[in-house]
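See below for the structure under consideration.
The values are calculated or read from the model by the stated rules, or taken from the named source; none is laboratory data. On a predicted model such as this, the values are computed, not experimentally measured, just so you know. We place every Cβ from the backbone using ideal geometry, glycine too, and count neighbours over all the protein chains shown. We work out accessible area using only protein heavy atoms, side chains counted, and drop any ligands, DNA or RNA first. Shrake-Rupley method; radii C 1.70, N 1.55, O 1.52, S 1.80 Å.
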Amino acid sequence: MTAAPELDSGKLCTARLQAARARPYLATALYALHIVESRRVPTMGVDRYWRCYVSPAFVDCTPVEELASVLVHEVSHLLRDHHGRSDRFARAHDLTDPAERLRMNIAADAEINDDAFGDGLVRPAGAVLPATLGLSDGELMEDYLRQFRLGNCRGDLAWLDCGSGADGLDREWELGPDGANGLTEQEREAVRFRVAQGIIGRPGNAPEGWRRWAEEAVHPPQPWRDLLGAAIRSAASAPGAGEDYSYGRPARRSAGVPGAVLPSLRRTPPRVSVIIDTSGSVSDAELGSALLEVAAISRAVGGRRDLVSVLSCDAAARVVHPLCRAEKIPLVGGGGTDLRTGFTRALRSRPAPDVLVVMTDGQTPWPSSPPRCRTVVGLFRRAVAWSEHDPDYVPDGPPSWARVVDIGSSA
(Lines give C-alpha, C1' and ligand atoms only; values in the text may rest on other atoms or scores of the structure.)
Protein backbone atom coordinates (compact mmCIF):
# COMPACT_ATOMS: atom_id res chain seq x y z
CA MET A 1 0.00 0.00 0.00
CA THR A 2 1.47 3.35 -1.06
CA ALA A 3 1.94 5.83 1.79
CA ALA A 4 0.27 9.20 1.47
CA PRO A 5 2.76 11.87 0.37
CA GLU A 6 4.06 14.44 2.82
CA LEU A 7 3.39 18.10 2.04
CA ASP A 8 6.12 19.38 -0.27
CA SER A 9 6.72 22.69 1.50
CA GLY A 10 9.57 23.63 -0.83
CA LYS A 11 7.36 23.26 -3.88
CA LEU A 12 4.65 25.33 -2.23
CA CYS A 13 7.16 28.07 -1.29
CA THR A 14 8.36 28.16 -4.90
CA ALA A 15 4.75 28.49 -6.09
CA ARG A 16 4.08 31.34 -3.66
CA LEU A 17 7.22 33.16 -4.81
CA GLN A 18 6.20 32.71 -8.45
CA ALA A 19 2.71 34.02 -7.66
CA ALA A 20 4.21 37.10 -5.95
CA ARG A 21 6.48 37.75 -8.93
CA ALA A 22 3.60 37.45 -11.38
CA ARG A 23 1.27 39.63 -9.24
CA PRO A 24 3.55 41.83 -7.09
CA TYR A 25 0.62 43.95 -5.92
CA LEU A 26 -0.75 40.82 -4.16
CA ALA A 27 2.53 39.88 -2.45
CA THR A 28 1.50 41.25 0.97
CA ALA A 29 -1.66 39.12 0.91
CA LEU A 30 0.07 36.02 -0.44
CA TYR A 31 2.59 36.04 2.41
CA ALA A 32 -0.11 36.81 5.00
CA LEU A 33 -1.65 33.38 4.32
CA HIS A 34 -0.86 30.74 6.92
CA ILE A 35 -0.45 27.33 5.28
CA VAL A 36 -2.19 24.41 7.02
CA GLU A 37 -1.55 20.87 5.81
CA SER A 38 -4.82 18.94 5.55
CA ARG A 39 -5.63 15.59 3.98
CA ARG A 40 -9.34 16.36 4.24
CA VAL A 41 -9.42 19.37 1.90
CA PRO A 42 -10.04 18.32 -1.74
CA THR A 43 -7.39 20.58 -3.24
CA MET A 44 -6.75 23.95 -1.63
CA GLY A 45 -9.10 26.21 0.29
CA VAL A 46 -9.13 29.18 2.66
CA ASP A 47 -11.12 30.22 5.69
CA ARG A 48 -12.03 33.77 6.66
CA TYR A 49 -9.13 33.85 9.13
CA TRP A 50 -6.58 33.72 6.30
CA ARG A 51 -5.58 30.11 6.82
CA CYS A 52 -4.90 28.25 3.57
CA TYR A 53 -5.61 24.50 3.81
CA VAL A 54 -3.55 22.46 1.38
CA SER A 55 -3.84 18.82 0.35
CA PRO A 56 -0.37 17.18 0.11
CA ALA A 57 -1.61 14.93 -2.71
CA PHE A 58 -2.82 17.98 -4.65
CA VAL A 59 0.54 19.72 -4.27
CA ASP A 60 2.35 16.53 -5.27
CA CYS A 61 0.47 16.11 -8.57
CA THR A 62 0.11 19.79 -9.57
CA PRO A 63 2.81 21.73 -11.44
CA VAL A 64 4.36 24.72 -9.67
CA GLU A 65 2.95 27.10 -12.31
CA GLU A 66 -0.59 25.94 -11.62
CA LEU A 67 -0.11 26.03 -7.84
CA ALA A 68 0.91 29.69 -8.16
CA SER A 69 -2.33 30.42 -9.99
CA VAL A 70 -4.40 28.61 -7.36
CA LEU A 71 -2.73 30.61 -4.57
CA VAL A 72 -3.60 33.86 -6.36
CA HIS A 73 -7.16 32.62 -6.82
CA GLU A 74 -7.59 31.71 -3.14
CA VAL A 75 -6.12 34.93 -1.77
CA SER A 76 -8.39 36.87 -4.13
CA HIS A 77 -11.43 35.41 -2.35
CA LEU A 78 -10.14 36.81 0.95
CA LEU A 79 -9.17 40.22 -0.34
CA ARG A 80 -12.55 40.68 -1.99
CA ASP A 81 -14.38 39.62 1.19
CA HIS A 82 -16.37 36.91 -0.58
CA HIS A 83 -17.23 35.24 2.73
CA GLY A 84 -18.73 38.44 4.15
CA ARG A 85 -20.49 39.33 0.91
CA SER A 86 -21.93 35.81 0.68
CA ASP A 87 -23.27 36.07 4.22
CA ARG A 88 -24.89 39.41 3.46
CA PHE A 89 -26.38 38.14 0.20
CA ALA A 90 -27.79 35.07 1.97
CA ARG A 91 -29.41 37.20 4.68
CA ALA A 92 -30.83 39.69 2.21
CA HIS A 93 -32.39 36.94 0.05
CA ASP A 94 -33.27 34.49 2.87
CA LEU A 95 -31.06 31.72 1.43
CA THR A 96 -30.55 28.79 3.82
CA ASP A 97 -29.94 25.83 1.48
CA PRO A 98 -26.23 24.73 1.61
CA ALA A 99 -26.38 24.31 -2.17
CA GLU A 100 -26.79 28.09 -2.40
CA ARG A 101 -23.33 28.47 -0.87
CA LEU A 102 -21.91 26.37 -3.70
CA ARG A 103 -23.63 28.74 -6.11
CA MET A 104 -21.99 31.66 -4.29
CA ASN A 105 -18.59 29.95 -4.57
CA ILE A 106 -19.13 29.58 -8.32
CA ALA A 107 -20.19 33.21 -8.71
CA ALA A 108 -17.17 34.37 -6.67
CA ASP A 109 -14.88 32.27 -8.87
CA ALA A 110 -16.37 33.89 -11.98
CA GLU A 111 -15.71 37.36 -10.53
CA ILE A 112 -12.05 36.48 -9.92
CA ASN A 113 -11.20 34.34 -12.92
CA ASP A 114 -12.30 36.67 -15.72
CA ASP A 115 -8.97 38.54 -15.55
CA ALA A 116 -6.86 36.51 -13.11
CA PHE A 117 -4.71 34.51 -15.50
CA GLY A 118 -2.18 35.23 -18.22
CA ASP A 119 0.89 37.48 -17.80
CA GLY A 120 2.81 34.82 -15.88
CA LEU A 121 -0.10 32.80 -14.49
CA VAL A 122 -1.53 29.72 -16.22
CA ARG A 123 -5.23 28.96 -16.03
CA PRO A 124 -5.82 26.00 -13.67
CA ALA A 125 -7.75 23.04 -15.00
CA GLY A 126 -11.47 23.37 -14.28
CA ALA A 127 -11.39 27.08 -13.47
CA VAL A 128 -14.86 28.57 -13.85
CA LEU A 129 -15.06 31.61 -16.11
CA PRO A 130 -18.08 33.84 -16.72
CA ALA A 131 -18.25 32.26 -20.18
CA THR A 132 -18.66 28.86 -18.46
CA LEU A 133 -21.93 30.19 -17.10
CA GLY A 134 -22.89 31.89 -20.37
CA LEU A 135 -22.35 35.32 -18.80
CA SER A 136 -20.26 38.41 -19.52
CA ASP A 137 -16.89 39.29 -18.04
CA GLY A 138 -16.29 42.15 -15.63
CA GLU A 139 -19.25 41.74 -13.27
CA LEU A 140 -19.38 41.17 -9.52
CA MET A 141 -20.32 38.03 -7.62
CA GLU A 142 -23.72 39.49 -6.72
CA ASP A 143 -24.46 40.21 -10.40
CA TYR A 144 -23.64 36.64 -11.41
CA LEU A 145 -25.77 35.22 -8.59
CA ARG A 146 -28.82 36.96 -10.02
CA GLN A 147 -28.21 35.52 -13.49
CA PHE A 148 -27.56 31.78 -13.12
CA ARG A 149 -28.66 28.66 -11.26
CA LEU A 150 -26.68 25.55 -10.41
CA GLY A 151 -28.11 23.71 -13.40
CA ASN A 152 -26.17 26.04 -15.70
CA CYS A 153 -22.80 25.18 -14.17
CA ARG A 154 -20.52 22.59 -15.78
CA GLY A 155 -17.38 23.19 -13.70
CA ASP A 156 -15.29 20.73 -11.68
CA LEU A 157 -16.88 20.66 -8.21
CA ALA A 158 -13.60 19.71 -6.55
CA TRP A 159 -12.04 22.94 -7.81
CA LEU A 160 -15.03 24.87 -6.56
CA ASP A 161 -14.57 23.91 -2.90
CA CYS A 162 -12.50 26.95 -1.97
CA GLY A 163 -13.51 26.85 1.70
CA SER A 164 -15.50 29.21 3.87
CA GLY A 165 -13.29 32.09 2.73
CA ALA A 166 -15.09 31.91 -0.62
CA ASP A 167 -18.74 31.47 0.41
CA GLY A 168 -19.03 31.86 4.20
CA LEU A 169 -20.00 28.23 4.88
CA ASP A 170 -17.73 26.62 7.49
CA ARG A 171 -16.13 23.32 6.47
CA GLU A 172 -15.46 20.39 8.81
CA TRP A 173 -11.76 20.50 7.97
CA GLU A 174 -11.35 24.13 9.07
CA LEU A 175 -9.95 25.17 12.45
CA GLY A 176 -12.61 27.78 13.16
CA PRO A 177 -12.33 31.04 15.12
CA ASP A 178 -10.40 29.48 18.02
CA GLY A 179 -7.78 27.76 15.86
CA ALA A 180 -4.15 28.80 15.78
CA ASN A 181 -2.51 31.34 13.45
CA GLY A 182 -5.67 33.05 12.23
CA LEU A 183 -5.70 36.78 11.54
CA THR A 184 -7.94 39.07 13.55
CA GLU A 185 -10.45 41.30 11.78
CA GLN A 186 -8.15 44.23 12.41
CA GLU A 187 -5.18 42.42 10.83
CA ARG A 188 -7.27 41.31 7.83
CA GLU A 189 -8.40 44.87 7.15
CA ALA A 190 -4.80 46.05 7.43
CA VAL A 191 -3.69 43.54 4.77
CA ARG A 192 -6.52 44.60 2.43
CA PHE A 193 -5.67 48.25 2.92
CA ARG A 194 -1.96 47.76 2.18
CA VAL A 195 -2.70 45.74 -0.96
CA ALA A 196 -5.18 48.40 -2.13
CA GLN A 197 -2.60 51.15 -1.54
CA GLY A 198 -0.05 49.19 -3.58
CA ILE A 199 -2.46 48.84 -6.50
CA ILE A 200 -3.39 52.53 -6.47
CA GLY A 201 0.28 53.51 -6.18
CA ARG A 202 1.13 51.67 -9.42
CA PRO A 203 -1.55 52.69 -11.94
CA GLY A 204 -1.78 50.49 -15.01
CA ASN A 205 -0.07 47.54 -13.29
CA ALA A 206 -3.30 45.74 -12.31
CA PRO A 207 -6.44 44.70 -14.21
CA GLU A 208 -9.50 46.93 -14.13
CA GLY A 209 -11.29 44.65 -11.65
CA TRP A 210 -8.48 44.97 -9.12
CA ARG A 211 -8.20 48.73 -9.59
CA ARG A 212 -11.93 49.10 -9.00
CA TRP A 213 -11.64 46.98 -5.86
CA ALA A 214 -8.68 49.02 -4.59
CA GLU A 215 -10.45 52.35 -5.03
CA GLU A 216 -13.43 51.09 -3.05
CA ALA A 217 -11.19 49.57 -0.37
CA VAL A 218 -9.34 52.85 0.21
CA HIS A 219 -12.28 55.17 -0.47
CA PRO A 220 -15.48 53.20 0.21
CA PRO A 221 -18.63 54.77 -1.29
CA GLN A 222 -20.05 55.61 2.15
CA PRO A 223 -21.25 59.12 2.96
CA TRP A 224 -20.10 58.92 6.57
CA ARG A 225 -16.44 58.80 5.54
CA ASP A 226 -16.82 62.00 3.55
CA LEU A 227 -18.57 63.59 6.52
CA LEU A 228 -15.84 62.51 8.92
CA GLY A 229 -13.09 63.87 6.66
CA ALA A 230 -14.94 67.15 6.25
CA ALA A 231 -15.43 67.46 10.01
CA ILE A 232 -11.70 66.93 10.65
CA ARG A 233 -10.66 69.40 7.94
CA SER A 234 -13.10 71.94 9.31
CA ALA A 235 -11.73 71.56 12.83
CA ALA A 236 -8.14 71.69 11.61
CA SER A 237 -8.69 74.90 9.64
CA ALA A 238 -10.57 76.72 12.39
CA PRO A 239 -9.04 79.92 13.84
CA GLY A 240 -6.43 79.05 16.43
CA ALA A 241 -5.85 75.49 15.21
CA GLY A 242 -2.19 75.04 14.35
CA GLU A 243 -1.48 78.76 14.79
CA ASP A 244 1.33 80.30 16.82
CA TYR A 245 3.64 83.30 16.80
CA SER A 246 7.10 82.77 15.35
CA TYR A 247 10.27 84.86 15.00
CA GLY A 248 11.27 82.75 12.00
CA ARG A 249 9.72 85.44 9.83
CA PRO A 250 9.33 88.85 11.53
CA ALA A 251 6.00 90.60 11.32
CA ARG A 252 5.70 93.31 8.66
CA ARG A 253 4.66 95.84 11.29
CA SER A 254 8.18 95.56 12.83
CA ALA A 255 9.18 98.35 10.45
CA GLY A 256 6.91 100.71 12.38
CA VAL A 257 8.57 99.89 15.72
CA PRO A 258 12.27 100.87 15.46
CA GLY A 259 14.60 98.71 17.53
CA ALA A 260 12.07 95.90 18.02
CA VAL A 261 11.46 92.65 16.16
CA LEU A 262 7.88 91.45 16.35
CA PRO A 263 6.87 87.84 15.68
CA SER A 264 4.40 86.96 12.96
CA LEU A 265 1.43 84.64 13.29
CA ARG A 266 2.22 81.44 11.40
CA ARG A 267 -0.09 78.57 10.57
CA THR A 268 1.40 75.10 10.89
CA PRO A 269 -0.29 71.77 10.14
CA PRO A 270 -2.51 70.86 13.11
CA ARG A 271 -1.66 68.15 15.58
CA VAL A 272 -4.36 65.47 15.84
CA SER A 273 -4.87 63.06 18.74
CA VAL A 274 -7.09 60.07 18.06
CA ILE A 275 -8.78 58.21 20.92
CA ILE A 276 -10.03 54.74 19.94
CA ASP A 277 -12.58 53.04 22.19
CA THR A 278 -11.27 49.50 22.81
CA SER A 279 -13.88 48.43 25.35
CA GLY A 280 -15.56 45.04 25.15
CA SER A 281 -18.64 46.52 23.46
CA VAL A 282 -16.65 47.54 20.35
CA SER A 283 -16.29 44.79 17.74
CA ASP A 284 -13.12 43.77 15.90
CA ALA A 285 -14.69 44.98 12.66
CA GLU A 286 -15.23 48.43 14.18
CA LEU A 287 -11.64 48.53 15.45
CA GLY A 288 -10.42 47.67 11.97
CA SER A 289 -12.58 50.44 10.54
CA ALA A 290 -11.18 52.86 13.13
CA LEU A 291 -7.62 52.13 12.00
CA LEU A 292 -8.60 52.83 8.41
CA GLU A 293 -9.94 56.18 9.59
CA VAL A 294 -6.59 56.90 11.26
CA ALA A 295 -4.91 56.50 7.86
CA ALA A 296 -7.50 58.84 6.34
CA ILE A 297 -6.84 61.39 9.09
CA SER A 298 -3.13 61.40 8.25
CA ARG A 299 -4.02 62.25 4.66
CA ALA A 300 -6.31 65.05 5.86
CA VAL A 301 -3.31 66.76 7.53
CA GLY A 302 -1.16 66.50 4.42
CA GLY A 303 0.37 63.10 5.11
CA ARG A 304 2.30 64.36 8.18
CA ARG A 305 2.22 61.20 10.26
CA ASP A 306 4.38 62.87 12.89
CA LEU A 307 1.43 65.13 13.67
CA VAL A 308 -0.99 62.25 14.41
CA SER A 309 -0.96 60.21 17.63
CA VAL A 310 -3.26 57.34 18.62
CA LEU A 311 -4.45 56.38 22.09
CA SER A 312 -6.46 53.23 22.85
CA CYS A 313 -8.80 53.50 25.83
CA ASP A 314 -11.46 51.42 27.60
CA ALA A 315 -11.80 52.34 31.27
CA ALA A 316 -8.13 53.31 31.37
CA ALA A 317 -5.97 55.26 28.95
CA ARG A 318 -3.19 53.23 27.32
CA VAL A 319 0.09 54.19 25.68
CA VAL A 320 0.05 57.05 23.18
CA HIS A 321 1.48 55.85 19.87
CA PRO A 322 2.88 58.13 17.16
CA LEU A 323 1.52 57.20 13.75
CA CYS A 324 3.92 55.23 11.53
CA ARG A 325 1.60 52.70 9.93
CA ALA A 326 -1.98 52.53 11.14
CA GLU A 327 -2.08 48.73 10.95
CA LYS A 328 0.97 48.47 13.29
CA ILE A 329 -0.72 50.27 16.18
CA PRO A 330 -1.67 47.83 18.98
CA LEU A 331 -5.20 48.39 20.27
CA VAL A 332 -5.30 47.22 23.89
CA GLY A 333 -8.43 47.00 25.99
CA GLY A 334 -11.55 44.89 26.24
CA GLY A 335 -12.90 46.06 29.60
CA GLY A 336 -15.50 48.64 30.57
CA THR A 337 -15.74 52.09 29.08
CA ASP A 338 -14.72 55.50 30.42
CA LEU A 339 -13.22 57.66 27.72
CA ARG A 340 -12.75 60.56 30.11
CA THR A 341 -9.37 59.06 31.03
CA GLY A 342 -8.47 59.10 27.33
CA PHE A 343 -9.46 62.77 27.03
CA THR A 344 -7.30 63.64 30.04
CA ARG A 345 -4.27 61.73 28.74
CA ALA A 346 -4.53 63.18 25.22
CA LEU A 347 -4.94 66.77 26.42
CA ARG A 348 -1.94 66.50 28.75
CA SER A 349 0.38 65.45 25.93
CA ARG A 350 3.00 67.95 24.80
CA PRO A 351 2.71 69.59 22.40
CA ALA A 352 -1.04 69.71 22.95
CA PRO A 353 -3.34 68.59 20.12
CA ASP A 354 -5.18 71.07 17.93
CA VAL A 355 -7.87 68.54 17.07
CA LEU A 356 -9.19 65.60 19.08
CA VAL A 357 -10.88 62.71 17.23
CA VAL A 358 -12.76 60.05 19.21
CA MET A 359 -13.89 56.72 17.69
CA THR A 360 -16.48 55.07 19.95
CA ASP A 361 -19.81 53.28 20.15
CA GLY A 362 -21.00 55.95 22.59
CA GLN A 363 -21.31 53.72 25.67
CA THR A 364 -19.17 55.99 27.83
CA PRO A 365 -19.36 58.93 30.25
CA TRP A 366 -18.23 62.20 28.64
CA PRO A 367 -16.15 65.06 30.11
CA SER A 368 -18.26 67.67 31.87
CA SER A 369 -16.46 70.56 30.18
CA PRO A 370 -15.27 70.99 26.59
CA PRO A 371 -11.59 70.43 25.77
CA ARG A 372 -9.39 73.33 24.76
CA CYS A 373 -9.35 72.08 21.16
CA ARG A 374 -11.87 71.17 18.49
CA THR A 375 -13.38 67.69 19.00
CA VAL A 376 -14.83 65.30 16.42
CA VAL A 377 -16.66 62.13 17.52
CA GLY A 378 -16.97 59.22 15.09
CA LEU A 379 -19.90 57.25 16.49
CA PHE A 380 -20.45 53.59 15.62
CA ARG A 381 -24.20 53.24 15.32
CA ARG A 382 -25.98 50.09 16.47
CA ALA A 383 -29.15 48.51 15.15
CA VAL A 384 -29.78 46.66 18.44
CA ALA A 385 -30.72 47.86 21.91
CA TRP A 386 -28.06 49.00 24.38
CA SER A 387 -27.20 46.69 27.25
CA GLU A 388 -24.00 47.28 29.28
CA HIS A 389 -25.37 44.49 31.57
CA ASP A 390 -28.47 46.56 32.34
CA PRO A 391 -31.62 46.21 30.16
CA ASP A 392 -32.68 49.74 31.10
CA TYR A 393 -29.33 51.31 30.32
CA VAL A 394 -29.30 54.04 27.66
CA PRO A 395 -25.97 55.87 27.17
CA ASP A 396 -25.77 59.64 27.15
CA GLY A 397 -25.29 61.09 23.70
CA PRO A 398 -22.08 62.92 22.82
CA PRO A 399 -21.94 66.46 24.26
CA SER A 400 -23.05 69.44 22.23
CA TRP A 401 -19.50 70.82 21.97
CA ALA A 402 -18.39 67.85 19.84
CA ARG A 403 -18.95 67.48 16.11
CA VAL A 404 -20.62 64.05 15.73
CA VAL A 405 -20.45 61.86 12.63
CA ASP A 406 -22.26 58.52 12.41
CA ILE A 407 -19.88 55.81 11.21
CA GLY A 408 -21.71 53.08 9.29
CA SER A 409 -23.60 50.44 11.23
CA SER A 410 -22.58 47.16 12.82
CA ALA A 411 -23.26 44.02 10.81
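So is residue 216 surrounded by 16 or more Cβ atoms within 10 Å (Cβ to Cβ) and at pLDDT below 90 or not?
Judged against the criteria, residue 216 is not a match.
Pairs under 6 Å by beta carbon, first residue more than 20 Å from residue 286 (Cα to Cα) in the range 357-378, partner open to solvent by 50 Å² or more (accessible area, probe 1.4 Å) and not aliphatic (A, V, I, L, M), six or more apart or different chains?
367/340; 370/401
Please go through the range 1-40 and pick out each residue that is open to solvent by 40 Å² or more (accessible area, probe 1.4 Å) and in a strand (DSSP E or B).
Correct list: 34, 35, 37.
Can you find a residue in the range 63-84 that is out of contact with any Lys or Arg (no Cβ under 7 Å at 6 or more places or on another chain), in contact (Cβ under 8 Å) with a residue 60 or more places away in the chain and among the small types (Gly, Ala, Ser)?
Taking every residue of the range 63-84 in turn, at least one turns out to be out of contact with any Lys or Arg (no Cβ under 7 Å at 6 or more places or on another chain), in contact (Cβ under 8 Å) with a residue 60 or more places away in the chain and among the small types (Gly, Ala, Ser).
Just to be sure I understand the filter: pairs with C-beta atoms under 6 Å, separated by 6 or more residues or on different chains, first member in the range 88-113 and more than 11 Å from residue 77 (Cα to Cα), second member open to solvent by less than 10 Å² (accessible area, probe 1.4 Å) and acidic (Asp, Glu). Which pairs pass?
So the pair list comes out as 101/167; 104/167.
Among (1) surrounded by 15 or more Cβ atoms within 10 Å (Cβ to Cβ); (2) closer than 24 Å to residue 210 by Cβ; (3) over 20 Å from the mean Cα position of the chain (by Cα), where does residue 72 come up short?
Failed condition: (3).
Inside the range 270-286, can you point out the residues that are acidic (Asp, Glu) and open to solvent by less than 30 Å² (accessible area, probe 1.4 Å)?
277, 286
Of all residues being assigned to a helix (DSSP H, G or I) and hydroxyl-bearing (Ser, Thr, Tyr) in the range 97-149, which is farthest from residue 43 (Cα to Cα)? Just the residue, please. It would help to see each step written out before you state the result.
So in the range 97-149, the residues assigned to a helix (DSSP H, G or I) come out as 98-113, 130-133, 141-145.
The next check asks that each one be hydroxyl-bearing (Ser, Thr, Tyr); those that pass are 132, 144.
Working: 132: 21, 144: 24 Å.
Looking at residues that are assigned to a helix (DSSP H, G or I) and hydroxyl-bearing (Ser, Thr, Tyr), I get 144.
Counting only residues that are closer than 25 Å to residue 14 by Cα and in contact with a Pro (Cβ under 8 Å, 6 or more places away or on another chain), which one in the range 123-168 is modelled with the lowest pLDDT?
In this case the residue turns out to be 158.
Just the residues that are surrounded by 15 or more Cβ atoms within 10 Å (Cβ to Cβ), outside any helix (DSSP H, G or I) and modelled with pLDDT under 60, please, taken from the range 326-349.
Result: 329, 333.
Looking at the structure I just gave you, is residue 173 of a type in the set (Phe, Trp, Tyr) and in a helix (DSSP H, G or I)?
The answer is no for residue 173.
Scan the range 43-61 for residues that are out of contact with any Cys (no Cβ under 8 Å at 6 or more places or on another chain), touching a residue at least 40 places away in the same chain (Cβ under 8 Å) and buried (at least 20 other Cβ atoms within 10 Å of the Cβ) and jot them down.
The answer is 43, 47, 48, 49, 50, 51, 53, 54, 59.
From the list 36, 46, 64, which residue is closer than 26 Å to residue 186 by Cβ, touching a helix residue (DSSP H, G or I) at 6+ places or on another chain (Cβ under 7 Å) and not polar (S, T, N, Q)?
Just a single option satisfies the conditions, and that option is 46.
Is there a residue in the range 107-120 that is touching a Lys or Arg at 6+ places or on another chain (Cβ under 9 Å) and open to solvent by 50 Å² or more (accessible area, probe 1.4 Å)?
Yes, the range 107-120 has at least one match.
Determine which member of the set 76, 55, 69 is within 29 Å of residue 18 (Cα to Cα), among the hydroxyl-bearing types (Ser, Thr, Tyr) and touching a strand residue (DSSP E or B) at 6+ places or on another chain (Cβ under 6 Å). If you could, list the steps in order and put the result at the bottom.
Details: 76 fails: touching a strand residue (DSSP E or B) at 6+ places or on another chain (Cβ under 6 Å); 55 fails: touching a strand residue (DSSP E or B) at 6+ places or on another chain (Cβ under 6 Å).
The match here is 69.
For the range 89-103, which positions are of a type in the set (A, V, I, L, M, F, W, C) and either surrounded by fewer than 16 Cβ atoms within 10 Å (Cβ to Cβ) or farther than 18 Å from residue 143 by Cα (or both)?
Once the filter is applied, which keeps residues that are of a type in the set (A, V, I, L, M, F, W, C) and either surrounded by fewer than 16 Cβ atoms within 10 Å (Cβ to Cβ) or farther than 18 Å from residue 143 by Cα (or both), the range 89-103 yields 92, 99.
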